[in-house]
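Q: I have a structure I would like to understand better, so I am pasting it below and will then ask my questions one at a time.
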């Protein structure tokens, strides 16, 4: 009963304060997001001059210099928080069919696939890559071909699991058929811990994968040659951090991952979040530099390779009081907010959304946490997190982790809309007089993750807190 009363009191205070936020300041923030938009041109520089910003690469380092240079133009003082993590370098890899005819396929090695001398082997069908598939299919000594099409009624199989299953069955390599049409490969990681993959693993386009599948179905022998020069090595990188100091000891963290896959320009994933955060930093520095709580704006590095930058940030700042973390990953035109399972944040988000009448807040407030972006390490550390709910055009989503992720797809209006909404949200949280720092303990966090159904996924990925 006491906990229920406490929640109601906190909720009422939240509503009162959110409603009391200066209308004039909100209007100025929203107006600056549109009239003074600086994110679009900054993102153009990142996309065209640096391109794909794979962690540890020269392009990533150049991109950080561009970002910091642009931040300084607006009076901000960015700094680097450096760290070393298990890295990976893409080499001159090749997936070639030798028989029944010769063809070099459009294929991308998965991250942490390690250098392997060229070899020739027969191609064998591996179905979806479950352990039971390899029990009945002969892949020993062969290159296994598997589909990523979902199977109704079966638990999702991670590519890391399929790789482990194929290696255990004696396969010399594994080829994943992308489940999306359009001559696209699906870049991704073979694991999220920095361990070299047990066998070479590649993603093929749906079209070329179906060609191989048809040949095998018809009983036509297929022989492949796989050459892998990509390799693992430690890399040094950094998060880019800007702080607007507050008068209280706690802070609000607003983050977006700066890195991207190397195969495209990284303009959507996560150029969008990177650029929106840039304008949020600009707007707050110009219009609301002094706040009750510190506001820390963080461009995380290494998200695509395993959330490394966010993990390192949480470790480096483990003793600090973080009242909330806002994460922007491929953030589009705002449609609402997700309180990510933190009940005490729901009232302020609902009231805030109700006051944004010039924006389409039709998705309202969700309260369901999810995994596999930079909020995850904060969530596992017991810190409340928030993610905006946004709209992206179909062609933006279709380029996911592929060559087509380019600046041509960026919608300037979406950047302005998101920058306005996130600036208003950040300021509201930073100046709430009674926003509690509710950090869940280890046991409470595990129970909370289980309650929201996240335990199976985290265990499969080897990221369950406590590791048992």
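Computed from the coordinates by the stated procedures, all read-outs in this text should not be read as laboratory data. Quick caveat: nothing in here was measured; it's all calculated off a predicted structure. Don't worry about glycine lacking a Cβ; one is built from the backbone with ideal geometry, like all the others, and counts go over all protein chains shown.
Q: How big is the Cα convex hull of the stretch 167-317 in projection, averaged over all directions, in nm²?
A: 12.4
Q: Which of the three applies to the stretch 96-174, rounded, prolate or oblate, going by the alpha-carbon gyration tensor with a ≥ b ≥ c and a/c under 1.5 meaning rounded?
A: Because a/c hits 1.5 or more and a/b exceeds b/c, the stretch 96-174 counts as prolate.
Q: Now for a different question. Which whole-angstrom value gives the distance between the alpha carbon centres of the stretch 415-468 and the stretch 185-233?
A: After rounding, the separation between the Cα centres reads 35 Å.
Q: How high is the relative contact order of the chain, in percent, counting Cα pairs under 8 Å that sit 6 or more residues apart?
A: Result for the chain is 20 percent.
Q: Relative contact order for the stretch 247-309 using alpha-carbon pairs under 8 Å, separation at least 6, rounded to a whole percent?
A: That works out to 51 percent.
Q: Nearest 500 deg cm²/dmol is fine: what mean residue ellipticity at 222 nm does the chain get from its DSSP H runs of n ≥ 4 alone, each adding -39,500 (n - 2.57), divided by its residue count?
A: -10500 deg cm²/dmol
Q: Now for a separate question. Mind running the shape call on the stretch 92-229? Use the C-alpha gyration tensor, a ≥ b ≥ c as the square roots of the eigenvalues: rounded below 1.5 for a/c, prolate if a/b tops b/c, oblate otherwise.
A: rounded
Q: If you count, for each residue, the other Cβ atoms within 10 Å and average over each peptide, how do 291-300, 167-176 line up from highest to lowest?
A: Listed from highest to lowest mean packing, they are 291-300, 167-176.
Q: So, one more: For the stretch 321-427, what class follows from the C-alpha gyration tensor (a ≥ b ≥ c being the square roots of its eigenvalues): rounded when a/c is under 1.5, otherwise prolate if a/b is larger than b/c, else oblate?
A: oblate
Q: Expected output is a single nm value to one decimal: the length gained when fully extending between residue 152 and residue 92, i.e. 0.36 nm times separation in residues minus the C-alpha distance. What is it?
A: 17.9 nm
Q: May I pose another question? Run the paramagnetic zone check for residue 181: 7 angstrom along Cα to Cβ, then residues of the stretch 354-398 with backbone nitrogen under 14 Å.
A: So the set is empty, nothing qualifies.
Q: A further question on this structure: To the nearest 10 degrees, how steep is helix 412-430 against the longest Cα principal axis of the chain, on a 0 to 90 scale?
A: That works out to roughly 50 degrees.
Q: Calculate, for residue 73 and residue 106, the FRET efficiency according to 1/(1 + (r/R0)^6) with r their C-beta to C-beta distance and R0 51 Å; round to the nearest 0.05.
A: Numbers: r = 40 Å, r/R0 = 0.78.
Once the sixth-power term is evaluated, E becomes 0.80.
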